[in-house]
1. When you check B:S183 against the structure, is it of a type in the set (S, T, N, Q), touching a Gly at 6+ places or on another chain (Cβ under 6 Å) and open to solvent by less than 10 Å² (accessible area, probe 1.4 Å), yes or no?
2. What number goes with the only condition from (1) modelled with pLDDT of 85 or more; (2) under 20 Å from B:L293 (Cα atoms); (3) among the hydrophobic types (A, V, I, L, M, F, W, C) that B:W397 does not pass?
3. Check off (1) at pLDDT 90 or above; (2) open to solvent by 10 Å² or more (accessible area, probe 1.4 Å) for B:L281 and give me the number that stays unchecked.
4. Between A:P203, A:P229, which is outside any helix (DSSP H, G or I) and open to solvent by 30 Å² or more (accessible area, probe 1.4 Å)?
5. Which residue, of B:K290, B:K265, B:K242, B:K251, is part of a helix (DSSP H, G or I) and closer than 20 Å to B:M364 by Cα?
6. Scan the stretch A:124-167 for residues that are open to solvent by 10 Å² or more (accessible area, probe 1.4 Å), more than 8 Å from every other protein chain (Cβ to nearest Cβ) and outside any helix (DSSP H, G or I) and jot them down.
7. Can you name the number of the only condition in (1) within 25 Å of A:I327 (Cβ to Cβ); (2) within 24 Å of the chain's Cα centre (by Cα); (3) surrounded by fewer than 24 Cβ atoms within 10 Å (Cβ to Cβ) that A:V35 fails?
8. For the subset of the stretch B:301-327 comprising residues that are part of a helix (DSSP H, G or I) and open to solvent by 10 Å² or more (accessible area, probe 1.4 Å), which member is farthest from B:T372 (Cα to Cα)?
Amino acid sequence: MEKILVLTLFVPLVGAIINGVFGSPFKKYAHWVAVPAIGISWLGALYLLKFVLAGNTLLVNLWQWIPVKDFNVNFGLYLDPLSTVMIATVTTVSFFIHIYSIGYMHGDPGYRRYFSYLNLFVFSMLLLVLANNYVLLFVGWEAVGLCSYLLIGFWYEKKSASDAGKKAFIVNRIGDAGFILGIFTMFFTVGAVDYRTVFEAAPHLSAAVVGAITFFLFMGAMGKSAQFPLYVWLPDAMEGPTPVSALIHAATMVTAGVYMVARSSALYSAHGSVANLVAGIGAFTAILAASIALVNDDIKRVLAYSTISQLGYMFIGVGIGAYATGIFHLYTHAFFKALLFLTAGSVMHALHGELNMQKMGGLFKKMPHTGITFIIGALALSGIPPFAGFFSKDAILKEALLRGHVTIWWIGTITAFMTAFYMFRLIFMVFFGNPRDKELYEHAHESPAVMTIPLWILAIGAIVVGWVGIGEDASPFFKFLAPSLHYAEHGALIEPTVWQEWLPLAFGILGIILAWSMYMKNLPSPEGMARTFRTFYKLLKGKWYVDEIYDIFIVKPIHFLAVLLFKLVDRILIDGTVNGVAWLNRAVGSILNKIQTGAVKTYMVWIVFAATLILWLQLLK
Amino acid sequence: MNAHILLPEIILSITAALVLIIEFLTPRRLQFIGTVTILGILLALFYDLSMFRNAGIGFYGMVKVGPFDRMFDLIFFIGAILLILLSFDYFVEISGEFYFFLITSLIGMMLLAKSSDLFMLFLSLETLSFSLLGLIGILKRKEFVAEATLKYFVLAAFSSAFFLFGIILTYVIFQTTNISEISNKLFAAGLTGIKPGIIVTLVLLTVGLAFKIAAIPFHMWTPDVYEGAPAPVVAFLSAGPKAAGFAIILKTLLSGYQAHPEIWKGIVTYLAVFTMFWGNLAALKTRNLKRMLAYSTIAHAGYVLVAIVSVNQEAYAAIVFYMLSYTFMVFGAFAIISMIGDSHSNLEDYAGLSRTSPLLAFMMAIFMISMTGIPTTSGFISKFYVFMSAAKTNHIWLVIFGFINGAISAYYYLRVVVYMYMMDAREEHAVPYFPFLRSVMWIAVIFIFYLGLFPQKVFEIIVSTL
């Protein structure tokens, strides 16, 4: 079994190396390496799932990695229900996205590079979820980040793409700095970084220590999982190829933060206030991102904001202590959001890369497969039964209510309304009504089977995967996960009333109806609404001007400071004295002057000055 | 006299003479002379390893050899061999003196690590400095080379003067220049009455040493020399001589003044903090890769100084490990810089490298990632050991500063990756195939991952030499 685990993890890496290093003569056949590699990994994951379903767990220490006398980090893998759910989800979605990519990336000059990165990504993601300690988790964490930047900037000839890559990189550094601090706080206080020791020590740690660790770790999650205030990179990340957006920026990598919080449930449930912060940030992000999606006209950006919003839901789930619901939503979301992105990619493919919804319309007739699968995905996302999203979103909101977070429940419910509205606004604008751009419409065509078959498979997934979680704690999914998670003590549960149970669904249906009447019947007309709520509309259109605010309050000052520092230190202090001394040289006409480098003398003056200063400081003590 | 303990150095001296004779007989046959040099070094290495565990004092108390010093020899040898490999592809027409200077600088470094007397230290230091001048200035007709050489010469002489004054003052205070005798006297008599004198001495010695390891504010030569000197020589400068610098600091501060760490710890702490911050902040703004690595090498010296502040065995081992891993990183990076070309070392020249030469871009990315200190690379492990030793001795603030600096440095290291992978090349030109430069690149990558994934073995060996 250990061999299968190692195989599952490393085969994608082998695929990446084969394509990356040796693949240049077989450029066009890169998928013959990449797809089987993921296929093997997928089968391995399913086999492992069967093994874990039988009640087993597996801890494999491949080797001692960083040995110090009383402290040890192993290169170790840990297979338990939580990591099994993750690897099964990741490999399944990856496999179909790989197949889809064969059609989507066909003929791209970077075909081989693309598959090499994609394989590398899957390896990194598996490493992230299989690690048995925080340092190894961090390795995967950084590696998925690296693949993500590379794939966002995949078409680096496009300036917007390379800018987006850089933005993702810089924003994530902020979060990662926090993550490292978290690991080090853990190391200093617990003296270990492997899950088992840390979780066993968690109840004995002081509140301040646990608070610091969990807060810092959550900073990392905010960056990676695009939560407020670090969410700004994800919408721009849509510059990458669409299958990448589906795999990395919707289904898998961005959920790493949720996984990490759930994995650290022993820590998060030991300290209430940080957990509340997690839930609060999640709720705020959910509604903020959903509100921006209401008016956006870029088909991929709408889905990106929707991803941010859904990640917010997941953080509500893990923040309020209902870890299993967060993971459940992560798992269903991976299927229907990957599906939505791939269908959006199919639309783009048909329209030669067009993303603006204002130019689309009536496409359903031209591309029925894409249309139907998209609607399935949208119904799942909007939380309509019996589609997957209904069960998971409902579970989170219900848990919020049970644990007395009424405000969060209201925010989540209103967000559910917004979600249904913007998804069906998108559907009505893209697939129904009259074509807005005749020429684009004329050339539109259904995608090849290599793309539509994965769509259908994922669509079936978007319908059925939620069923394993019906009935929540009593359901097979929740029972399976339970041993991996640690639950916080909580007060008496407040049973929701009937209307509270059904309100989110009602709101979802209302959202669909409103979108239908606005965009199909023009009642009330979208333009009229925009005029009536002009200020609000402008705010939403401007995405609450968060990017601009960051630019003014963070980017500009830092840039200014860096330039100032550079000028001050390099120009004025060093060059200035250089020039000054050079002038002095000319005046005195010394021998050294013939060497023509005034700088040397300045440097010497500096040395004397510094030596004197140090001496003075030392003697003063 | 116990001459055999310096057998490796003696072999190298003979090789140096041989190299000069060969150069005189058949001038400018680079690969031949280089091979002779490598053979000499390998022979010296063989004797060094065969005597690895033998400790001894020789040459009338001037040198004291132990396994720990021989560990440093290993780093110097690796640096020298990698430099020779780089030189085969890099230099087209230089005189064989290059290898002579290389060997003499190697001897200088080895003796530095083994001197047990301040005068011996000074002599080896000067041997090293003068040989390095020969290496830096080897391409005398090239732009900036004269400037770089001259700057190094004048400033090295200047800082040596400080060091010499420090030695003289030491003699005045202790009536001896032997490090272990100083140590004994300090243990026996304590500081009463001589404290101000010792502080002055230490400051003077520190200035001389800080110059060698390019600690702030004695670093000014570094960016200019790095930009002007040939890339392989720069790599050598940041590996060998820097390790030698740390070896002397360990000798003078840790053994000589071991009894009273409080009198020098303050100075080194200041140096460490300023060196880390200044190096990293200055690197942020540079757009020339060689200059950027110059500031980065300053910053790395700052990290190692952190280990010196925490006076314990683990710190010793951490320093050796750090310099070993840094040697591979810096040689790898400069091997690629040599391939792209010295005069094309601006960030813009690396734009789009992932498309023109994907392998080189990928390797460069690994070197940058390792320098940033991301896990699975040796850069992470070495930083980890350093900060671990600081943390264990309760220098929490130094660790925190180290982290802030790690975050800052990530920006400029990974900017190189961003340029290679996300920018469009201004003009695409194919990089020629250089077998020796590539071999250095591969060696570097292999060791970076070996030390990054399986550090245990090497670390155990280092610890066993303490």
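The values are calculated or read from the model by the stated rules, or taken from the named source; none is laboratory data. Not measured: the values here are computed from a predicted model. Cβ coordinates were reconstructed from backbone atoms using ideal geometry, including for glycine residues, and neighbour counts include every protein chain displayed. Side chains are part of the model used for accessible areas, which takes the heavy atoms of the whole protein and leaves out ligands, DNA and RNA. Shrake-Rupley method; radii C 1.70, N 1.55, O 1.52, S 1.80 Å.
1. Working: of a type in the set (S, T, N, Q): yes; touching a Gly at 6+ places or on another chain (Cβ under 6 Å): yes; open to solvent by less than 10 Å² (accessible area, probe 1.4 Å): no.
For B:S183, the condition - of a type in the set (S, T, N, Q), touching a Gly at 6+ places or on another chain (Cβ under 6 Å) and open to solvent by less than 10 Å² (accessible area, probe 1.4 Å) - is not met.
2. Going through (1) modelled with pLDDT of 85 or more; (2) under 20 Å from B:L293 (Cα atoms); (3) among the hydrophobic types (A, V, I, L, M, F, W, C) one by one, B:W397 breaks only (2).
3. Every listed condition holds for B:L281 apart from (1).
4. Numbers: A:P203 fails: outside any helix (DSSP H, G or I).
The conditions single out A:P229.
5. On the way: B:K265 fails: closer than 20 Å to B:M364 by Cα; B:K242 fails: closer than 20 Å to B:M364 by Cα; B:K251 fails: closer than 20 Å to B:M364 by Cα.
Matching residue, one of B:K290, B:K265, B:K242, B:K251: B:K290.
6. Of everything in the stretch A:124-167, those that are open to solvent by 10 Å² or more (accessible area, probe 1.4 Å), more than 8 Å from every other protein chain (Cβ to nearest Cβ) and outside any helix (DSSP H, G or I) turn out to be A:N132, A:W155, A:K158.
7. Every condition holds for A:V35 apart from (1).
8. Of the stretch B:301-327, the ones part of a helix (DSSP H, G or I) are B:301-309, B:313-327.
So of that shortlist, the ones also open to solvent by 10 Å² or more (accessible area, probe 1.4 Å) come out as B:313-314, B:316, B:324.
Details: B:Q313: 25, B:E314: 22, B:Y316: 22, B:L324: 16 Å.
It comes out as B:Q313.
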